[in-house]
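Step one of this worksheet: look at the structure below.
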Amino acid sequence: MVDLGIKIHNLDLKNPVMTASGTCGFGEEIADFFDLSRLGGLVVKGTTLKHREGNAYPRMAETPSGMLNAVGLQNKGVDNFIANIYPRIKDMDTHLIVNVNGSTIEEYVALTERLNELDKIPAIELNISCPNVKEGGMAFGISCPSAEAVVKAVRKVYSKTLIVKLSPNVTSIAEIAKAVEGQGADSVSLINTLLGMAVNAETRKPVLSTITGGLSGPAVKPIAIRMVWQVYNAVKIPVIGMGGIMNATDAIEFMIAGASAIQVGTALFIDPTIPVQIIDGITQYMERHKIQSVNEIIGSLQC
Amino acid sequence: MKKTVIDFLLLNNKQLNKDNFLLVLQSPIPVSDIFPGQFINVEIKDATEIFLRRPFSVLDVDYEKQTISLLVKILGRGSRKLTEAKEGQKISAIFPLGKSFTLPDKNDRILLIGGGSGVAPMLFLSKICGLDPDNVTVLIGARSSSDHIDITAYQPYGNFFFTTEDGSLGEKGYVTNHTVFIDRLTQFSKIYTCGPDLMMKSIGRTAIGKSIFCEVSLENMMACGFGVCLCCVEDTKAGHKCVCTDGPVFNVNDLKW
């Protein structure tokens, strides 16, 4: 029997497979497809302090081996989450992590304080990397001083596991990772979507209402793995990897490059049962390679 | 109804006219209940540059044979690739997805208006709505007679009328120019429609003006089809709503039309 258990700061994950924010709703939307208790963790839809309508339609463009999105953090705000959603999902038998977004440092702090009160939310994923909102979002994640400032402020009020989601739209993601580690981040997750654009040749207009959007899917996988490897070699805190993971082999590649856990995102749109296929596939890989603990895979790159 | 991912077997792939194909998919397990307006999200295999599934309305269901029939109109790369699928091939689909049309009451007189591939849910609705066929009027529009599909199997379920833009079948013009729509609209207690956006908007606005119950089935670019990506939103009076889960069927009064 192989051991799939992974530790991310204070979180003991039953396996390294999580679902990525914005791709699994609040869990309820994918509960028909598989037993959510099989997951190592579930990162719920990005939450903001106030209700957000998100961006105008069109918000999506299909691209070769991927897609662009410009949803813009549509959600009903943290009060609605606490009053209406949290009571329904709090007893799911997996780690529930809330993805947190703000336009200002004060918003990040206020939101985090509210979530700190919830017993069944053991961690937050601080999103300083959303490319699809005008204020805040990625702006905090693309320079070391601003990333440090927001993590420092949140760390003061948040005592549980703090994961910081990093933007790939930077010159050196390892520098940003080191900066947030220095302010007390317990883990970093990467990568968020890459800023991209699609043009309609017939109309000569942009496909997305926002002109640019976030690219995800297998198209970004090589970039994500490179960044996971760079960050793994730069920090001591666990790295959570994501970006175009479609199967167990992809997941294992991320772990070999240094990811302690992985998040499955866009693949859920194609096949919502993929997380369990990945968990089973990792188990089979470990049996085939006679690996006892999944921790042996992490950072085992030979070069 | 529990949503599932199923590998269907493509039993039949028949070209109906230039751009329309009838695909019959057989499930290895009993097919769960599915209603007009609901859709299935089909994976397009081995196709360069096609990454996401494609949503299709259901044309018909045979619970005994465990089959679902789809009317597939070639609109782009995805639908074209699907029409090239070979019989005997496995086709993965997620279903049942979305909200169906509100089934009419026993005494309703209903008008079903379909345009293009939007005819599929209208034919399905005419078949299962359970009304006296005299109370079911179906108005189908297309560019030309060669774009219309054979509706023989559905004729017992209602009174059918046609329009074509070139006048080659039925009355010439759009469905909203048809005598049924111009002269008899207030005879109907409910209108249901699916087709091009401009057609549905014209029908919807008329229905609002005459205070007639009207439901429309919207089409929108989707990534997931089951409400997690929030890409396929429609701007409604209650804010952004997902076409895949809050719809695709909407009451026109809820839309900003």
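Does the stretch B:165-176 contain any residue that is surrounded by fewer than 14 Cβ atoms within 10 Å (Cβ to Cβ) and either in the same structural domain as B:D19 (by the TED database) or not in a loop (DSSP other than H, G, I, E, B) (or both)? Full working, then the answer.
Here is the first cut: in the stretch B:165-176, the ones surrounded by fewer than 14 Cβ atoms within 10 Å (Cβ to Cβ) are B:166-167, B:172.
Among the residues that remain, those that are also either in the same structural domain as B:D19 (by the TED database) or not in a loop (DSSP other than H, G, I, E, B) (or both) are: B:172.
Yes, because at least one residue in the stretch B:165-176 is surrounded by fewer than 14 Cβ atoms within 10 Å (Cβ to Cβ) and either in the same structural domain as B:D19 (by the TED database) or not in a loop (DSSP other than H, G, I, E, B) (or both).
Which of the residues belonging to the stretch B:243-257 are within 11 Å of chain A (Cβ to nearest Cβ) and open to solvent by 10 Å² or more (accessible area, probe 1.4 Å)?
Residues of the stretch B:243-257 that are within 11 Å of chain A (Cβ to nearest Cβ), as a first pass: B:243-245.
Selection gives B:T245 alone.
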* Given the conditions (1) closer than 19 Å to A:S189 by Cβ; (2) among the basic types (K, R); (3) at pLDDT below 95, and given that A:K134 satisfies all but one, which numbered condition is not satisfied? -> (1)
* Please enumerate the residues belonging to the stretch A:105-114 that are surrounded by 14 or more Cβ atoms within 10 Å (Cβ to Cβ) and under 21 Å from A:G72 (Cα atoms). => A:I105, A:E107, A:Y108, A:V109, A:A110, A:L111, A:T112
* Asked: Would it be correct to say that B:A93 is open to solvent by less than 40 Å² (accessible area, probe 1.4 Å) and within 14 Å of chain A (Cβ to nearest Cβ)?
  -> yes
* To do: Provide a single number: the residues in the stretch B:45-83 that are within 12 Å of chain A (Cβ to nearest Cβ), at pLDDT below 95 and in contact with a helix residue (DSSP H, G or I) (Cβ under 7 Å, 6 or more places away or on another chain).
  => 3
* How many residues are free of Cβ contacts under 8 Å to residues at least 12 places away in the same chain and either more than 18 Å from A:Y57 (Cα to Cα) or more than 8 Å from every other protein chain (Cβ to nearest Cβ) (or both) if we restrict to the stretch B:191-240? -> 3
* Filter the stretch B:45-65 down to residues that are over 29 Å from B:S126 (Cβ atoms) and open to solvent by less than 30 Å² (accessible area, probe 1.4 Å) and give me whichever is farthest from the chain's Cα centre (by Cα). => B:A47
* Among the candidates B:I191, B:I208, which residue alone is touching a helix residue (DSSP H, G or I) at 6+ places or on another chain (Cβ under 7 Å), open to solvent by less than 10 Å² (accessible area, probe 1.4 Å), on the phi < 0 side of the Ramachandran plot and not aromatic (F, W, Y)? -> B:I191
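For the stretch A:176-187, state whether one or more residues are in a loop (DSSP other than H, G, I, E, B) and buried (at least 23 other Cβ atoms within 10 Å of the Cβ). First the steps, then the outcome.
Residues of the stretch A:176-187 that are in a loop (DSSP other than H, G, I, E, B), as a first pass: A:183-186.
Of the ones still in play, those that are also buried (at least 23 other Cβ atoms within 10 Å of the Cβ) are A:185.
Yes, the conditions are met somewhere in the stretch A:176-187.
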* Count of the stretch A:46-71 residues which are under 16 Å from the mean Cα position of the chain (by Cα) and either within 8 Å of chain B (Cβ to nearest Cβ) or open to solvent by 40 Å² or more (accessible area, probe 1.4 Å) (or both) -> 2
* At least 3 residues that are surrounded by 23 or more Cβ atoms within 10 Å (Cβ to Cβ) and within 14 Å of chain B (Cβ to nearest Cβ) in each: list the helices (runs of 4 or more DSSP H) lying fully within the stretch A:214-277 that qualify. => A:267-270
* **Number of the condition not met by A:L96 [criteria: (1) away from chain B (no Cβ under 12 Å); (2) open to solvent by 10 Å² or more (accessible area, probe 1.4 Å)]** => (2)
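From the residues in the stretch B:129-151 that are assigned to a helix (DSSP H, G or I) and modelled with pLDDT under 95, which one is most open to solvent (accessible area, probe 1.4 Å)? Can you show your working first?
Here is the first cut: in the stretch B:129-151, the ones assigned to a helix (DSSP H, G or I) are B:133-135, B:145-147.
Next cut, modelled with pLDDT under 95 only: B:145-147.
Working: B:S145: 50, B:S146: 71, B:D147: 48 Å².
So, considering only residues that are assigned to a helix (DSSP H, G or I) and modelled with pLDDT under 95, the one most open to solvent (accessible area, probe 1.4 Å) is B:S146.
The values are calculated or read from the model by the stated rules, or taken from the named source; none is laboratory data. Just so we're clear, the structure is a prediction, and the values are computed from it rather than from any experiment. All Cβ positions, glycine included, derive from the backbone under ideal geometry; neighbour counts span all protein chains shown. All accessible areas refer to the heavy atoms of the entire protein, side chains included, with ligands and DNA or RNA removed. Shrake-Rupley method; radii C 1.70, N 1.55, O 1.52, S 1.80 Å.
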